[in-house]
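The values are calculated or read from the model by the stated rules, or taken from the named source; none is laboratory data. Everything quoted here is computed from the prediction, not taken from an experiment. We place every Cβ from the backbone using ideal geometry, glycine too, and count neighbours over all the protein chains shown.
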Amino acid sequence: MELGKNLPARLFVYALLGAAAFSVAFPLALMVLNSLRSNFDVLLSPLGWPSEPDWSVFARVWSEAQLGRAMANSLMIAVGTVLIVCTISSMAAWAIARKDVPGWMVISLYFLATTTIPIQMFMFPLYFLLAQLSLINSPIAVIMIYSAIFTPFSLFLLRAYVLDIPMELEEAARIDGASDLRVFTNVIVPLISPGLLTVALIVCLNVWNEFLISITFLQNAESATATARFYQLTGRYGNNLADLMAVATIIALPTVIFFVLVQRRFIEGVSAGAVKG
Amino acid sequence: MTDQSTSASLALPASAGLPGRRVRARRKKPASRKWLFVLPALLVSLCVVLIPVITTTLLAFTDWNGFSMPRWVGLSNFVAIMQEARFWQAFQNNCIYTFLFATVPMIGSLFAAVLLMTVRKGRTFFQVVYFLPVTIATVILAQIWRSMIFSPTSGVVGWLQSVGIPVDNPLVSPDTSLLGVLFVDMWSWWGYLTVIYFAALRQVDRSLIEAALVDGASRWQTFRHILLPTILPTVMFMLLMSIIWSFKVFDWIYVLTAGGPGFSSEVLATLAYKTAFQSFEVGRASAYSLSMSLVGLVAIVIYLRLQARREKA
């Protein structure tokens, strides 16, 4: 499929691909560059180059906006969700993949159906119940909600990994007298660990960026995740766009760095499901 | 976009048959306790999703402000929303949004993925750049577009106006607000599709492609008769996911226009949310949610039917 020696055609293709890359990167560049300029300059024109970059802005908004707290909240909720999702979905994936559970087909269909249901279909009762119990702003509640939301997808992803494990391995362990739990922890988990890593990456990223649940269930500055905090701050920094962009840059940076570091694994993980499906 | 990057394989096994007799006989252990392994996942899902979904369904038949006792009102919420202009406006907006979101990026991304196939150097670089928006929170991307690009005072639009180019902020006009939001959503999303299509295209047997080209097939014929049929399952799957996800769109609308001006960019997700948390009419909000869920279910049923037929064939 490659174009080989046809130089004009190759240049044309690269020009198209480059233009597409530019259109993606341009708004992101506006965010970073304008965070380094003064608000006055930003209002004059968003397109200027930061000739005297003001690096202190990051330290200033970091403490002003309590971003350290917000990022720690995001991290804690992400880690909690990843631990729960990986545990419960790998266990369920094994049982469902081996069809050892009565009604496994119904259970699979149930989890499949939950992936299509909008969050508005279950958030109202949860919200008003948690409000009655004074559990709004509770990170534990949010971790449980995220766990339920991300379990079906990781279950189906891990199920594919379980199916690749030959039954003989499990049976050999059983003949040696291993219990279900032992077979699971000593045979299954090590073999599906690449899948678990993919699940962890995707869940982490999605929890960090999640909007609807976090702005609804985490409403004060102390409990807010980074994205919820950013949303709270858009009003306050409404007329200081340079600072707002600095906050945006700080919150976007961890996920972007994380993604660039693990991009190969990430892209493989994300496309594996769709390509196989 | 919560689940935009969570495209796990939803393919269910073709044969749903019972475990064969041989398998059962071979296994010495009598009663399997494997159901215990499904229990935690089921319990979490039951508490967070199933019970609240049933509750929401029941609430749709009540009048409830979230705090007092719900009052049973039968079908009157549904009768009321059917007579609302904003419900139909939101429903129509959802349909337009989903139709364009499912078609335009698909064509653009397929084209981009095929272009990537034709080059040797820079594939990874382009994929990483195209994928970047997916890794950043929608609320941040939406805010960049709102204040740095669309804003007439601080954005690129304002700068273009100042040099005499007649452009306008699409978000403040009822005619263009929905399309403005849709544009930003598609901007953040097409790269993800491109990466997935590219991964699918790379699975295609290279020798097939080369044989076709040697035999004098044009590039278009090669794409149409060799590449496209092979990646069709991926395309169909992503089409289904695009329909399901975009029908649930909330973040982009809520941050960019909050449904305005008027109800010009309102969708069912924002309408339900605002009705529940701003006017505290939870019964009516549940009725909106319910009508929104039915569409997703219909889409998945159609997909499963199609897949079952394909596996039979």
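Residues that are closer than 19 Å to A:Ala224 by Cα and touching a Pro at 6+ places or on another chain (Cβ under 8 Å) were ranked within the stretch A:120-145; the one that is nearest to the other protein chains (Cβ to nearest Cβ) is A:Leu126.
Given the criterion within 10 Å of another protein chain (Cβ to nearest Cβ), of a type in the set (Gly, Ala, Ser) and surrounded by 15 or more Cβ atoms within 10 Å (Cβ to Cβ), identify the matching residue among A:Ala200, A:Ala173, A:Ala148. Answer to the selection: A:Ala148.
Going through the stretch B:241-253 one residue at a time, which ones are facing chain A (nearest Cβ under 9 Å), under 8 Å from the mean Cα position of the chain (by Cα) and among the hydrophobic types (A, V, I, L, M, F, W, C)? Break it down into steps so the answer makes sense when it comes.
Going through the stretch B:241-253, the residues facing chain A (nearest Cβ under 9 Å) turn out to be B:241, B:244, B:247-248, B:250-251.
Okay, now just the ones that are also under 8 Å from the mean Cα position of the chain (by Cα), so B:241, B:244, B:247-248.
Scanning the stretch B:241-253 gives B:Met241, B:Ile244, B:Phe247.
Selection of the stretch B:58-70 for residues being within 30 Å of A:Leu112 (Cβ to Cβ) and surrounded by fewer than 16 Cβ atoms within 10 Å (Cβ to Cβ) yields only B:Leu58. If you go through the stretch B:199-212 and keep only what is within 8 Å of chain A (Cβ to nearest Cβ) and at pLDDT 85 or above, you end up with B:Ala199, B:Ala200. How many residues does the stretch A:138-188 hold that are closer than 13 Å to A:Ala97 by Cβ and charged (D, E, K, R)? Residues meeting the conditions: 3. Report whether or not A:Thr114 is in contact with a helix residue (DSSP H, G or I) (Cβ under 6 Å, 6 or more places away or on another chain) and of a type in the set (Val, Ile, Thr). Criteria met by A:Thr114.
Would you mind stating whether B:Pro170 is away from every other protein chain (no Cβ under 13 Å) and surrounded by 19 or more Cβ atoms within 10 Å (Cβ to Cβ)? The answer is yes for B:Pro170.
From the list A:Asn220, A:Asn206, the one residue that fits, being in a helix (DSSP H, G or I) and either surrounded by fewer than 24 Cβ atoms within 10 Å (Cβ to Cβ) or modelled with pLDDT of 85 or more (or both), is A:Asn206. The condition of being more than 26 Å from the chain's Cα centre (by Cα) and either within 14 Å of chain A (Cβ to nearest Cβ) or part of a strand (DSSP E or B) (or both) holds for only one of B:Ser68, B:Ser109, B:Ser45, that being B:Ser68.
Residue by residue, here is whether (1) closer than 12 Å to B:Phe198 by Cα; (2) among the small types (Gly, Ala, Ser); (3) within 7 Å of chain A (Cβ to nearest Cβ); (4) surrounded by 24 or more Cβ atoms within 10 Å (Cβ to Cβ) holds:
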{"residue": "B:Val114", "(1), (2), (3), (4)": "yes, no, no, no"}
{"residue": "B:Met117", "(1), (2), (3), (4)": "yes, no, yes, no"}
{"residue": "B:Thr124", "(1), (2), (3), (4)": "yes, no, no, no"}
{"residue": "B:Val129", "(1), (2), (3), (4)": "no, no, yes, no"}
{"residue": "B:Leu132", "(1), (2), (3), (4)": "no, no, yes, no"}
{"residue": "B:Ile136", "(1), (2), (3), (4)": "no, no, yes, yes"}
{"residue": "B:Val139", "(1), (2), (3), (4)": "no, no, yes, yes"}
{"residue": "B:Trp145", "(1), (2), (3), (4)": "no, no, yes, yes"}
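Restricting the stretch B:153-167 to residues that are crowded, with 16+ Cβ neighbours inside 10 Å and closer than 21 Å to A:Ala248 by Cα, which is farthest from the other protein chains (Cβ to nearest Cβ)? Per the stated criteria, the residue is B:Val157. Of all residue pairs spaced 6 or more apart or on separate chains, those with beta-carbon atoms under 8 Å, a first member in the stretch B:119-130 that is within 14 Å of A:Phe266 (Cβ to Cβ) and a second member that is among the charged types (D, E, K, R) are B:Thr124/A:Arg264. Close Cβ contacts (under 8 Å, 6 or more residues apart or on different chains) running from residues in the stretch A:9-20 that are on the phi < 0 side of the Ramachandran plot to residues that are of a type in the set (Lys, Arg) and assigned to a helix (DSSP H, G or I) are absent.
A:Lys99 meets each of the listed conditions (1) not in a helix (DSSP H, G or I); (2) not assigned by TED's automatic domain parsing to the domain that holds A:Thr151 apart from (2).
Can you confirm whether A:Arg159 is among the charged types (D, E, K, R), buried (at least 24 other Cβ atoms within 10 Å of the Cβ) and either in a helix (DSSP H, G or I) or in contact (Cβ under 8 Å) with a residue 40 or more places away in the chain (or both)?
Answer is yes for this residue.
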